[in-house]
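Here's the structure we're looking at; comments come further down.
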Amino acid sequence: MSSLTYEATGIPVESEEADPVNRRVELLLGALASSVLLFIAGMILFTLFKAWPSFAANGLAWFGAGGNVDAQLTDIFNSPADPADYIYKLRAWPLIWSTILISALSVLLATFIAVFSSIFIVHFAPGPLQKLIEPVVKYLAAVPSVVYGLIGILVLVPWINSTFITEEMRSSVAYVIQLDGSSVMAGVMILTVMILPIMIALIVDSLRAVPLNWREGALALGVNKWRAVRTVSVRAIRPAIVAAAVLATARALGEAIMLAMVTGSIGFAPNPFDGFLFFMEPSRPLAPSILDGEEGLSVVPFGETMYAFGFILIVSCVFFSFSGWAIRQSLGRYSIGAR
Amino acid sequence: MGIESADEVHDRTESGIPPIKRIVVNGEMPPVRVSQGEANGAPTHIAESFVIDQGAMAPAWTEERMKVESLGVRFDRKEAVKDVSIEVNSGEVLALIGPSGCGKTTLLRSLNKLVDLTPTAVRSGRIMLDGQDTDLMDDTLLRKKVGMLFQQPNPFPMSIFDNVAYGLRERGTKRPGKKELEPIVVDALERAGIWAEVSDNLSHPALSLSGGQQQRLCIARSLAVRPEVLLLDEPCSALDPISTAIIEETIVELKSEIAIVIVTHNLQQAERVADQVGFMYLGDLVEYGSVEQVFNAPMAERTKDYVRGDFG
Ligand SMILES: Nc1ncnc2c1ncn2[C@@H]1O[C@H](COP(=O)(O)OP(=O)(O)OP(=O)(O)O)[C@@H](O)[C@H]1O
Ligand SMILES: [Mg+2]
């Protein structure tokens, strides 16, 4: 019967068997997706393989604190030529702590600011202002980080030095560290500004996609505008906020140039018990440490140590993407199509 | 007005439509629910199974709540509502009927100023609530008193419970606890005729309900906040006869306390629940009067055609 229709009209009728073209496209896309995954897995394994001597020589102490990390790196760099005498000793905690501190603070700050400014842009700003803000914000996402670093060094660091750092502060820590404005604070402030545009762009888009009739439904119940936005729109876009935060975290973890320029680039672990002073202390996260170590890569144990830094960064990014995905799954329970 | 105790309505036998009984519920009577078996038998006569206590009187009082004075609404250059004047009284139900696109929803959305959210909308004329110009009132305050059910179901992306509790939780300064909310939520779900279907899992996502269930959930949501004026935009458009009957019963029950405006394409429904009827055509309020007058002795030719069903 169906072949009859086919001959009579010339229009292909859906056949029982799978369409061969469709099948080929599926295979192709599948192959593409798996090769990307394979590539990422290969990269992680390769990095781990290269980094292994550094991890193996230190054991779990690699992640711990102890001694001056910059001095240790210098020793590794000055290792004797004989592979048997390579020096690997490293206690990387100050660098890890600095990475956690600067990324977490700036992502938290940026998420907070991004959510509120997106709400303002979408729901409260007058029309012409909205039209102006959005493209400007999106453009800011494209500013190269070295430019931010330059502004940081020339403007922000001296400003912090003269505004926040008192003589008592300077003398109180003079025996370990010099305070000159290059600091956690400078890094966090500029990093926040750097990751804000992409977060705002993503959150604004998702806020706009919230169906108007949800908000109307809330307003019609006598809920005020701000509360309706917060309890319906912002609630509905929580998965998008998480996605934006994960993207921003990846960006923050990987930022090297700007942070190398403004954080003082010293392997020092800022001490939260120092109170406000803590924000004024210099430090250096992992990514700028790789950048700083660039000229030493030909020294085998030093190169391997840098691979170890890289491995930690890759694994953290994978970890954050995965937890972001898991959080989005649990938040998505009540959204459209959820069961 | 509106104390139509007559149960048997008009002679419709010539058009072949079975006679329709009006639902008359005595204010003192406990709510009556249809049993499945009762309704399954003869869907066409469903209304009859609801005529309880035929001699009972609907509330003998009406009180003016809202007054629309020559309301006009334009979208850009398109006039959606033209010079409409109408009153909304508590103690009775006002039904708005008319062909699609005639401005019923726009009129309804003007009553709680929701139409102002549309940037292209321009509103003229006055709308009074209890003698006070709504334009001088705070939007949120107005909407606390004037509740609305939307034509398209719009449950929030939350659980069933949170949907019904939403208004109560978010409109005050103090968020009531789950214990306080529970009886109100259950009552609202019962009145909306959806309790039996959702009672076993109130934490289920509202968006996974069927279209008709979503519509009833939204009815429950607007009932839970106990509005003084309730605007219903085609509340039964997606509902089966049983659910429709439950909703109609709730409407009749509620009208003793609040003012209700219902938009409907179902003329039999309008006859069953309404006391006043407004017929709109292309933005004009062509006819406005008691349900008997509009359906039995319409003055305008257009109304006559529409209620008889020979409308183009
Ligand atoms: N947001 C809007 N922008 C522009 N025009 C609109 C808008 N909303 C409604 N209209 C127009 O106003 C007129 C009345 O629309 P309305 O929704 O009030 O009709 P209705 O009587 O509720 O119709 P239906 O029975 O189909 O729901 C229509 O012609 C419609 O095109
Ligand atoms: Mg409508």
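Label 7 Å along Cα→Cβ of residue B:75; segment B:259-293 residues with amide nitrogen under 13 Å? Those under the cut-off are B:283. Using a Gaussian network model on chain A with a 10 Å cutoff between Cα atoms, which of A:28, A:313, A:37 fluctuates the most? Comparing A:28, A:313, A:37 in the GNM, the peak value goes to A:28.
Cα-based values for segment A:203-292, radius of gyration first and Dmax second, are 20.6, 59 Å. Rolled with a 1.4 Å probe across the full set of protein chains, the surface gives residue B:218 an accessible area near 10 Å². Summing +1 for each Lys or Arg and -1 for each Asp or Glu, what net charge is found among the other residues whose Cβ lies under 12 Å from the Cβ of residue B:259? Around residue B:259, the charge tally is -4.
The mean number of partner chain beta-carbon atoms within 10 angstrom of a residue's beta-carbon across peptide B:282-293 is 0. For the protein assembly as shown, give the percent of accessible area contributed by carbon and sulfur heavy atoms, probe 1.4 Å, rounded to a whole number. With neighbouring chains kept in place, the figure for the protein assembly as shown is 61 percent. Computed from the Kirkwood radius of its Cα pairs, the Stokes-Einstein diffusion coefficient for the protein assembly as shown at 25 °C and 0.890 mPa s stands at 81 µm²/s.
Extending 7 Å from the Cα toward the beta-carbon at both residue A:175 and residue B:228 defines two label points whose distance is 7.4 nm.
Rolled with a 1.4 Å probe across the full set of protein chains, the surface gives residue B:76 an accessible area near 110 Å². Inter-chain neighbour count for A:221-231: the average number of beta-carbon atoms from partner chains within 10 Å of each residue's beta-carbon is 6.
Spin-label model, residue A:319 to residue B:174: label points 7 Å out along the Cα-to-beta-carbon direction sit 4.5 nm apart. At a probe radius of 1.4 angstrom, the accessible area of segment B:53-307 per residue rounds to 37 square angstrom. Taking the average, over residues, of other Cβ atoms within 10 Å as the packing measure, peptides A:324-333, B:237-246, A:125-134 rank B:237-246, A:324-333, A:125-134 from highest down. Extending 7 Å from the Cα toward the beta-carbon at both residue A:27 and residue A:298 defines two label points whose distance is 4.9 nm.
Values of log10 I(q)/I(0) for chain A across q = 0.06, 0.07 Å⁻¹ run -0.33, -0.43, by the Debye formula with one identical scatterer at each alpha carbon and no solvent. Taking only alpha carbon atoms, segment A:262-339 gives an Rg to Rh ratio of 1.20, where Rh is the Kirkwood radius.
Which loop-located trypsin sites (Lys or Arg not before Pro) does segment B:91-151 contain, where loop means any DSSP state but H, G, I, E or B and the Cβ has at most 10 other Cβ atoms within 10 Å? Passing both the DSSP loop test and the Cβ count: no residue. Computed from protein heavy atoms with a 1.4 Å probe, the total accessible area buried between A and B is close to 2300 Å². Take the alpha-carbon centre of segment A:63-81, take the same for segment A:282-339, and report the distance between them in whole Å. Between the Cα centres of segment A:63-81 and segment A:282-339 lies a distance of 22 Å.
Rg ratio for segment A:145-242: its Cα radius of gyration over 2.2 N^0.38 Å, N being its residue count, equals 1.71. The mean accessible area for residues of chain A, using a 1.4 Å probe and ignoring ligands and nucleic acids, is 53 Å² per residue. The amide H of residue B:280, built 1.01 Å from its N in the peptide plane, has B:97, B:98, B:286 as neighbours under 5 Å, considering only residues 5 or more places off or on other chains.
The fraction of all Cα pairs in segment B:53-307 landing in successive 5 Å bins from 0 to the largest distance is 1, 6, 13, 17, 19, 17, 13, 8, 4, 1, 0, 0, given as whole percents. Across peptide B:148-160, the mean count of Cβ atoms from other chains lying within 10 Å of each residue's own Cβ comes to 5. Of interest is the spacing of the C-alpha centroids, which for segment A:201-275 and segment A:101-128 amounts to 6 Å. The Cα trace of segment B:59-137 gives Rg and Dmax of 13.0, 44 Å, the first to one decimal, the second as a whole number.
The values are calculated or read from the model by the stated rules, or taken from the named source; none is laboratory data. This one's a predicted model, so the numbers in the text were calculated from it and none came from an experiment. All Cβ positions, glycine included, derive from the backbone under ideal geometry; neighbour counts span all protein chains shown. Just so you know, the surface numbers come from the protein's heavy atoms only, side chains and all, with ligands and any DNA or RNA stripped out. Shrake-Rupley method; radii C 1.70, N 1.55, O 1.52, S 1.80 Å.
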